[in-house]
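J.: Encoded as structure tokens, here's the structure I'll be asking about.
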Amino acid sequence: MESTFLPTLDFAKQLDKEDTLSHFREEFYLKPGTIYLDGNSLGLLSKRAEKTLLESLDDWKQYGIDGWTMGNHPWFFMAEELGKKLAPLVGASPEEVIVTGSTTVNLHQLVTTFYKPEGNRTKILADELTFPTDLYALQSQLRNHGYNPDTHLVLAKSRDGRFLEEDDIIAAMTDEIALIVLPTVLYRSGQILDIKRLTEEAHKRGILIGFDGCHSVGSIPHSFSDWDVDFAFWCNYKHLNGGPGGVAGLFVNRKHFGKLPGMAGWFSSRKDKQFDLELTLTPAETAGAFQIGTPHVLSMAPLIGSLEIFAEAGIENIRTKSLKINQYLMDLIDTELAGLGYTIGTPREDARRGGHVYLEHKEAARICKSLKENAVIPDFRAPQGIRLAPVALYTSYEDVWNAVQILKKIVVEKQYEKFENTREIVA
Ligand SMILES: *Cc1c(COP(=O)(O)O)cnc(C)c1O
């Protein structure tokens, strides 16, 4: 039976004892005395990720150029091998996923490939709560086609500044829209969009649709293939713990295989043809066609070890714990922080919330600095958000309990007052 919530330290310890994923914690480098709640911005290093990175360095040391086909993790096939391992996490077949580029570059690649303005259909639909890099990329893509982003980038509006209503997005799917790009999970509030429904509605209107999965991949299960999503892209350094600047991922629905990549290079080739070095490209008949140039091997290697952990833990189990530990955090906030000016800006329903809690406070910037001084690592999101991500693989319930006590102390004792209410250069 599920134990009913109590705000006590003993209850936190009991939840840790019952946690079937708790043994994964010792696989990660957690700084002693520090509570890391920022795994949704940069996941922590695991021993297995470190191992596969060091093995790849060793392959270079041992094999030189022959490391492309020999050694622990042959470089020539690494992107495809990682695509296979990532596929179950996004609900795709192995050929539909490739590890390549960065989130923003992959967005450019996919928009260059799939945005084909024609007749009246010339606009791109996104939303006003999306992560800025997506907007900047879309604006530049429109400019490259000779369109004015002010008129051609349509942004679905939020009613309250936190959430999006699927109905509002669907209402914006007019016959002027050629392409839609939306997040799976909103980076501030953590709201999950109804990907299946949005995809169905877009397709009913003859519009292609793609998703930015940065805040969901590694934290919630997906069914990109079954939902018939056209394309998706995401980073591997947040919930997937692939390392700072790690190589990103993309998904292209198999029904689009054979489409020429908008931005081609020799790594777009069918692998058996690549070294024929012909004057025209024979693209891979998989998502591999959306690679461009030589892969960033040393920035991919940690992901090999990291994905082993996900395969062992199982994404369904990760989601179950993630829902539970985030709910636990919200329960503690409700009971322990009442009357202290904190508001939860994350949807309460399980089906609508991702892997982090968005806590709002008018002193958020100063509270975040104070948290760091107390060895709790959150991240601040302007104007007044404190993002807290208890991560299924390495955060304990006791960590969450301690973090909430510190959130309380900071406001009760007005500890935040000694800091300025401005953000740091990296927040
Ligand atoms: C983190 C994040 C990105 C980052 O893009 P990069 O190209 O890796 O810098 C993009 N989109 C969203 C929604 C993100 O959360």
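The values are calculated or read from the model by the stated rules, or taken from the named source; none is laboratory data. Computed from a prediction, not measured in an experiment: that's the story for all the values here. A quick note on method: Cβ atoms are made from the backbone with ideal geometry, for glycine too, and the neighbour counts reach across all protein chains shown. Each accessible area value is taken on the protein alone, full model and side chains, heavy atoms only, with ligands, DNA and RNA left out. Shrake-Rupley method; radii C 1.70, N 1.55, O 1.52, S 1.80 Å.
Listed here are the residues, each with its yes/no results for (1) in contact with a Pro (Cβ under 9 Å, 6 or more places away or on another chain); (2) over 21 Å from Gly314 (Cα atoms); (3) touching a residue at least 24 places away in the same chain (Cβ under 8 Å).
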residue	(1), (2), (3)
Ala248	no, no, yes
Arg254	no, yes, yes
Ser269	yes, yes, no
Leu281	yes, yes, no
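J.: Given the conditions (1) within 16 Å of the ligand (Cβ to nearest atom); (2) loosely packed, with under 15 Cβ neighbours inside 10 Å; (3) farther than 30 Å from Lys47 by Cα, which single one is not true for Val181?
T.: With respect to (1) within 16 Å of the ligand (Cβ to nearest atom); (2) loosely packed, with under 15 Cβ neighbours inside 10 Å; (3) farther than 30 Å from Lys47 by Cα, Val181 is out only on (2).
J.: Quickly run through the stretch 239-267 and pick out the residues that are away from the ligand (no atom under 16 Å from the Cβ), of a type in the set (A, V, I, L, M, F, W, C) and under 30 Å from Gly354 (Cβ atoms).
T.: Across the stretch 239-267, the qualifying residues are Val252, Phe257.
J.: Among residues belonging to the stretch 112-155 that are among the aromatic types (Phe, Trp, Tyr) and within 14 Å of the ligand (Cβ to nearest atom), point out the one that is surrounded by the fewest Cβ atoms within 10 Å (Cβ to Cβ).
T.: Here the residue is Tyr136.
J.: Hey, among the residues in the stretch 52-93 that are outside any helix (DSSP H, G or I) and open to solvent by 60 Å² or more (accessible area, probe 1.4 Å), which one's nearest to the ligand (Cβ to nearest atom)?
T.: Checking each candidate, the answer is Asn72.
J.: Could you tell me how many of the residues in the stretch 156-169 are assigned to a helix (DSSP H, G or I) and crowded, with 17+ Cβ neighbours inside 10 Å?
T.: 1
J.: Here's another thing I want to ask about it. Scan the stretch 94-117 and tell me whether some residue there is part of a helix (DSSP H, G or I) and of a type in the set (Gly, Ala, Ser).
T.: Looking only at the stretch 94-117, we keep the residues that are part of a helix (DSSP H, G or I), and these are 94-96, 103-114.
Going one step further and asking which of them are of a type in the set (Gly, Ala, Ser), we end up with none.
Looking through the stretch 94-117, none of the residues is part of a helix (DSSP H, G or I) and of a type in the set (Gly, Ala, Ser).
J.: Are any residues in the stretch 204-213 open to solvent by 10 Å² or more (accessible area, probe 1.4 Å) and in a loop (DSSP other than H, G, I, E, B), and if so, which ones?
T.: Those that are open to solvent by 10 Å² or more (accessible area, probe 1.4 Å) and in a loop (DSSP other than H, G, I, E, B): Arg205, Gly206.
For (1) touching a helix residue (DSSP H, G or I) at 6+ places or on another chain (Cβ under 9 Å); (2) among the aliphatic types (A, V, I, L, M); (3) in a loop (DSSP other than H, G, I, E, B), each residue gets a yes or a no:
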{"position": "Asn236", "(1), (2), (3)": "yes, no, yes"}
{"position": "Val247", "(1), (2), (3)": "yes, yes, yes"}
{"position": "Glu278", "(1), (2), (3)": "no, no, yes"}
{"position": "Ala301", "(1), (2), (3)": "yes, yes, no"}
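J.: Looking at the structure I just gave you, is Gly161 modelled with pLDDT under 95, of a type outside the set (Asp, Glu) and away from the ligand (no atom under 16 Å from the Cβ)?
T.: yes
J.: Restricting attention to the stretch 223-234, and to residues there that are more than 16 Å from the ligand (Cβ to nearest atom) and assigned to a loop (DSSP other than H, G, I, E, B), which single residue is most open to solvent (accessible area, probe 1.4 Å)?
T.: Once the filter is applied, the top-ranked residue is Asp228.
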